[in-house]
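Written below as C-alpha coordinates is the structure these notes are about.
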Amino acid sequence: MARINVIYARSLNHCIGKGGSLPWHLPKEYAHFKKTTLGHPIIMGRKTYEDHKSVLPGRLNIVITRQKDYQALPGIELVASLEEGIELARQHSDDIFIIGGVHFFTQGVAMADRVYETVVDVEIDGDAYLPNFDFSQWRTETLLTHEPDERNKLKFTAYLHQR
Ligand SMILES: NC(=O)c1ccc[n+]([C@@H]2O[C@H](COP(=O)([O-])OP(=O)(O)OC[C@H]3O[C@@H](n4cnc5c(N)ncnc54)[C@H](OP(=O)(O)O)[C@@H]3O)[C@@H](O)[C@H]2O)c1
(Lines give C-alpha, C1' and ligand atoms only; values in the text may rest on other atoms or scores of the structure.)
Protein backbone atom coordinates (compact mmCIF):
# COMPACT_ATOMS: atom_id res chain seq x y z
CA MET A 1 0.00 0.00 0.00
CA ALA A 2 1.54 3.31 -1.07
CA ARG A 3 2.04 5.99 1.57
CA ILE A 4 0.13 9.20 0.91
CA ASN A 5 1.95 12.44 1.74
CA VAL A 6 0.64 15.99 1.59
CA ILE A 7 3.05 18.93 1.43
CA TYR A 8 2.20 22.64 1.66
CA ALA A 9 3.29 25.97 3.09
CA ARG A 10 0.73 28.25 4.71
CA SER A 11 0.70 31.63 6.41
CA LEU A 12 -0.41 32.12 10.03
CA ASN A 13 -3.92 32.84 8.72
CA HIS A 14 -3.87 29.69 6.53
CA CYS A 15 -3.34 31.44 3.20
CA ILE A 16 -1.49 29.39 0.53
CA GLY A 17 -1.93 31.46 -2.61
CA LYS A 18 -2.55 34.87 -4.15
CA GLY A 19 -3.29 35.68 -7.79
CA GLY A 20 -2.49 32.11 -8.88
CA SER A 21 0.97 32.08 -7.29
CA LEU A 22 2.65 31.56 -3.97
CA PRO A 23 2.34 34.66 -1.79
CA TRP A 24 6.06 34.66 -0.88
CA HIS A 25 9.49 34.06 -2.34
CA LEU A 26 11.34 31.62 -0.08
CA PRO A 27 14.03 29.64 -1.96
CA LYS A 28 14.97 27.79 1.20
CA GLU A 29 11.40 26.60 1.70
CA TYR A 30 11.28 25.56 -1.95
CA ALA A 31 14.51 23.59 -1.41
CA HIS A 32 12.77 21.73 1.43
CA PHE A 33 9.85 20.95 -0.91
CA LYS A 34 12.22 19.75 -3.62
CA LYS A 35 14.32 17.58 -1.33
CA THR A 36 11.21 16.01 0.21
CA THR A 37 9.42 15.22 -3.06
CA LEU A 38 12.37 14.33 -5.32
CA GLY A 39 12.11 10.84 -6.81
CA HIS A 40 8.39 10.50 -6.04
CA PRO A 41 5.20 11.16 -7.99
CA ILE A 42 3.61 14.56 -7.33
CA ILE A 43 -0.11 15.13 -7.86
CA MET A 44 -1.53 18.63 -8.35
CA GLY A 45 -4.59 20.53 -9.56
CA ARG A 46 -4.47 22.24 -12.93
CA LYS A 47 -4.07 25.73 -11.42
CA THR A 48 -1.10 24.68 -9.30
CA TYR A 49 0.49 23.29 -12.45
CA GLU A 50 -0.20 26.52 -14.36
CA ASP A 51 1.53 28.50 -11.60
CA HIS A 52 4.91 27.05 -12.65
CA LYS A 53 3.92 25.58 -16.07
CA SER A 54 6.88 23.23 -16.21
CA VAL A 55 7.68 19.62 -15.51
CA LEU A 56 9.28 19.48 -12.06
CA PRO A 57 12.35 17.33 -12.72
CA GLY A 58 13.04 13.97 -11.13
CA ARG A 59 9.37 13.38 -10.31
CA LEU A 60 6.38 11.93 -12.13
CA ASN A 61 4.17 15.02 -12.60
CA ILE A 62 0.44 14.26 -12.45
CA VAL A 63 -2.08 17.04 -13.11
CA ILE A 64 -5.80 16.84 -12.33
CA THR A 65 -8.25 18.54 -14.69
CA ARG A 66 -11.84 18.03 -15.82
CA GLN A 67 -10.96 19.38 -19.29
CA LYS A 68 -10.80 16.49 -21.74
CA ASP A 69 -8.84 18.49 -24.33
CA TYR A 70 -6.40 20.18 -21.94
CA GLN A 71 -2.97 20.67 -23.51
CA ALA A 72 -0.13 20.16 -21.05
CA LEU A 73 3.60 20.03 -21.64
CA PRO A 74 5.11 16.73 -22.77
CA GLY A 75 5.98 14.73 -19.67
CA ILE A 76 2.85 15.75 -17.75
CA GLU A 77 0.38 12.96 -16.96
CA LEU A 78 -3.25 14.16 -17.01
CA VAL A 79 -5.94 12.56 -14.84
CA ALA A 80 -9.57 13.44 -14.04
CA SER A 81 -9.57 12.97 -10.25
CA LEU A 82 -7.32 12.63 -7.22
CA GLU A 83 -8.24 8.95 -6.99
CA GLU A 84 -7.12 8.39 -10.57
CA GLY A 85 -3.89 10.28 -9.84
CA ILE A 86 -3.17 8.12 -6.79
CA GLU A 87 -3.88 4.97 -8.78
CA LEU A 88 -1.35 6.02 -11.42
CA ALA A 89 1.23 7.23 -8.87
CA ARG A 90 1.21 4.03 -6.84
CA GLN A 91 2.44 2.12 -9.90
CA HIS A 92 5.64 4.19 -9.69
CA SER A 93 6.48 4.68 -6.00
CA ASP A 94 5.58 3.69 -2.46
CA ASP A 95 5.50 7.40 -1.55
CA ILE A 96 3.03 9.72 -3.26
CA PHE A 97 2.92 13.50 -2.73
CA ILE A 98 -0.16 15.69 -3.09
CA ILE A 99 1.15 19.22 -3.74
CA GLY A 100 -2.00 21.39 -4.12
CA GLY A 101 -4.23 23.25 -4.30
CA VAL A 102 -6.97 23.85 -1.72
CA HIS A 103 -9.40 21.08 -2.70
CA PHE A 104 -6.71 18.42 -3.05
CA PHE A 105 -4.98 19.41 0.19
CA THR A 106 -8.32 19.08 1.99
CA GLN A 107 -9.15 15.76 0.33
CA GLY A 108 -5.51 14.68 0.78
CA VAL A 109 -5.14 15.42 4.51
CA ALA A 110 -8.23 13.29 5.21
CA MET A 111 -6.50 10.25 3.71
CA ALA A 112 -2.81 11.08 4.31
CA ASP A 113 -0.30 9.11 6.33
CA ARG A 114 2.02 12.12 6.54
CA VAL A 115 1.59 15.87 6.21
CA TYR A 116 4.60 18.12 5.62
CA GLU A 117 3.40 21.52 6.81
CA THR A 118 5.44 24.70 6.66
CA VAL A 119 4.09 27.63 8.66
CA VAL A 120 5.29 30.99 7.34
CA ASP A 121 5.34 33.65 10.03
CA VAL A 122 3.20 36.23 8.24
CA GLU A 123 -0.47 37.20 7.77
CA ILE A 124 -1.41 37.31 4.06
CA ASP A 125 -4.41 38.81 2.30
CA GLY A 126 -4.67 36.25 -0.54
CA ASP A 127 -7.31 34.25 -2.40
CA ALA A 128 -6.52 30.59 -1.63
CA TYR A 129 -6.96 29.45 1.97
CA LEU A 130 -6.80 26.10 3.74
CA PRO A 131 -9.16 25.04 6.50
CA ASN A 132 -7.64 24.84 9.99
CA PHE A 133 -6.54 21.18 10.01
CA ASP A 134 -6.41 19.55 13.45
CA PHE A 135 -3.16 17.63 13.94
CA SER A 136 -3.53 17.32 17.73
CA GLN A 137 -3.94 13.53 17.45
CA TRP A 138 -0.95 13.18 15.10
CA ARG A 139 2.72 12.79 16.01
CA THR A 140 4.44 16.07 15.12
CA GLU A 141 8.13 16.82 14.73
CA THR A 142 9.90 20.01 13.71
CA LEU A 143 12.10 19.49 10.67
CA LEU A 144 13.47 22.96 10.06
CA THR A 145 13.31 26.46 11.52
CA HIS A 146 14.44 29.38 9.43
CA GLU A 147 15.12 32.91 10.63
CA PRO A 148 14.78 35.70 8.04
CA ASP A 149 17.85 36.37 5.90
CA GLU A 150 18.74 38.29 2.75
CA ARG A 151 17.26 35.74 0.30
CA ASN A 152 14.43 34.40 2.48
CA LYS A 153 12.90 37.39 4.16
CA LEU A 154 10.25 35.61 6.25
CA LYS A 155 10.61 33.32 9.23
CA PHE A 156 9.18 29.83 8.71
CA THR A 157 9.04 26.46 10.43
CA ALA A 158 8.64 23.12 8.66
CA TYR A 159 6.78 20.35 10.51
CA LEU A 160 6.08 16.71 9.78
CA HIS A 161 2.79 15.34 11.11
CA GLN A 162 2.45 11.55 11.09
CA ARG A 163 -0.86 9.88 11.72
N1 LIG B 1 1.49 27.34 -0.49
C2 LIG B 1 1.47 26.15 -1.06
O3 LIG B 1 1.99 25.17 -0.50
C4 LIG B 1 0.77 25.94 -2.37
C5 LIG B 1 0.82 24.71 -3.02
C6 LIG B 1 0.13 24.58 -4.23
C7 LIG B 1 -0.57 25.66 -4.75
N8 LIG B 1 -0.57 26.83 -4.08
C9 LIG B 1 -1.32 27.99 -4.59
O10 LIG B 1 -2.69 27.65 -4.65
C11 LIG B 1 -3.30 28.30 -5.78
C12 LIG B 1 -3.84 27.24 -6.74
O13 LIG B 1 -4.66 26.35 -6.03
P14 LIG B 1 -6.23 26.23 -6.29
O15 LIG B 1 -6.82 25.59 -5.09
O16 LIG B 1 -6.75 27.57 -6.70
O17 LIG B 1 -6.29 25.32 -7.59
P18 LIG B 1 -5.80 23.80 -7.90
O19 LIG B 1 -6.37 22.85 -6.88
O20 LIG B 1 -4.34 23.77 -8.10
O21 LIG B 1 -6.48 23.56 -9.31
C22 LIG B 1 -7.87 23.65 -9.42
C23 LIG B 1 -8.27 22.91 -10.68
O24 LIG B 1 -8.14 21.51 -10.48
C25 LIG B 1 -9.16 20.85 -11.21
N26 LIG B 1 -10.08 20.22 -10.25
C27 LIG B 1 -10.51 20.68 -9.07
N28 LIG B 1 -11.33 19.78 -8.48
C29 LIG B 1 -11.42 18.73 -9.31
C30 LIG B 1 -12.09 17.50 -9.25
N31 LIG B 1 -12.85 17.15 -8.20
N32 LIG B 1 -11.98 16.67 -10.30
C33 LIG B 1 -11.23 16.99 -11.35
N34 LIG B 1 -10.52 18.17 -11.47
C35 LIG B 1 -10.64 19.02 -10.45
C36 LIG B 1 -9.90 21.90 -12.00
O37 LIG B 1 -9.18 22.03 -13.21
P38 LIG B 1 -9.93 22.41 -14.60
O39 LIG B 1 -10.51 23.76 -14.37
O40 LIG B 1 -8.84 22.37 -15.61
O41 LIG B 1 -10.96 21.33 -14.79
C42 LIG B 1 -9.70 23.12 -11.12
O43 LIG B 1 -9.87 24.34 -11.83
C44 LIG B 1 -2.18 29.11 -6.42
O45 LIG B 1 -2.20 30.42 -5.88
C46 LIG B 1 -0.94 28.38 -5.99
O47 LIG B 1 0.22 29.18 -5.99
C48 LIG B 1 0.07 27.01 -2.91
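The values are calculated or read from the model by the stated rules, or taken from the named source; none is laboratory data. As the structure is a prediction and not an experimental result, all values here were calculated from the model. Virtual Cβ from ideal backbone geometry, glycine too; neighbours counted across all protein chains shown. Protein only, heavy atoms only, side chains kept; ligands, DNA and RNA dropped before computing areas. Shrake-Rupley method; radii C 1.70, N 1.55, O 1.52, S 1.80 Å.
For the range 70-163, the solvent-accessible area with a 1.4 angstrom probe is 56 square angstrom per residue. The modelled label-to-label distance for the pair ASP69/HIS52, using points 7 Å beyond Cα in the direction of Cβ, is 2.9 nm. Within the range 25-50, find all residues whose amide N lies under 18 Å from a label point positioned 7 Å from the Cα of ASP121 along Cα-to-beta-carbon. In the range 25-50, the label zone of ASP121 (backbone N under 18 Å from the point 7 Å along Cα→Cβ) covers 25-30. Rounding to the nearest 10 and keeping the result within 0 to 90°, find how far the Cα-based axis of helix 27-37 lies from the longest principal axis of the chain. Between the helix axis and the principal axis of the chain, the angle is about 40 degrees. This model, with +1 at the C-beta of Lys and Arg and -1 at the C-beta of Asp and Glu, gives the chain a dipole about its Cα centre of some 240 debye. The range 1-31 and the range 97-163 have Cα centres spaced 6 Å apart.
Translational diffusion of the range 7-64 was estimated from the Stokes-Einstein equation, with Rh taken as the Kirkwood radius over Cα pairs; at 25 °C and 0.890 mPa s the coefficient is 199 µm²/s. Taking the C-alpha atoms only, the angle from helix 102-111 to the longest principal axis of the chain is near 90 degrees. For the set LYS35/LYS153; LYS34/LYS155; LYS35/LYS68, the pairs lying more than 27 angstrom apart at their alpha carbons are LYS35/LYS68.
Counting pairs of alpha carbon atoms under 8 Å apart in space and at least six apart in sequence, what relative contact order in percent does the range 3-162 give? Present the calculation step by step, with values, prior to reporting the outcome.
Numbers: 307 pairs, mean separation 55.3, N = 160.
Here the relative contact order equals 35 percent.
Counting pairs of Cα atoms in the chain, how many percent are more than 19 Å apart?
Numbers: 7102 of 13203 pairs.
I get 54 percent for the Cα pairs in the chain exceeding 19 Å.
If Rh is defined by the Kirkwood formula over all Cα pairs and Rg also comes from Cα, what ratio Rg/Rh do you get for the range 90-163? Walk me through the numbers on the way to the answer.
Working: Rg = 14.1 Å, Rh = 14.1 Å.
Answer for the range 90-163: 1.00.
What percentage of the solvent-accessible surface of the range 5-163, computed with a 1.4 Å probe over protein heavy atoms, is contributed by carbon and sulfur atoms? Can you show the working numbers first?
On the way: 4190 of 8420 Å².
Answer for the range 5-163: carbon and sulfur cover 50 percent of the accessible area.
Per residue, the chain reaches -6000 deg cm²/dmol at 222 nm when only DSSP H runs of four or more residues are counted, each adding -39500 (n - 2.57).
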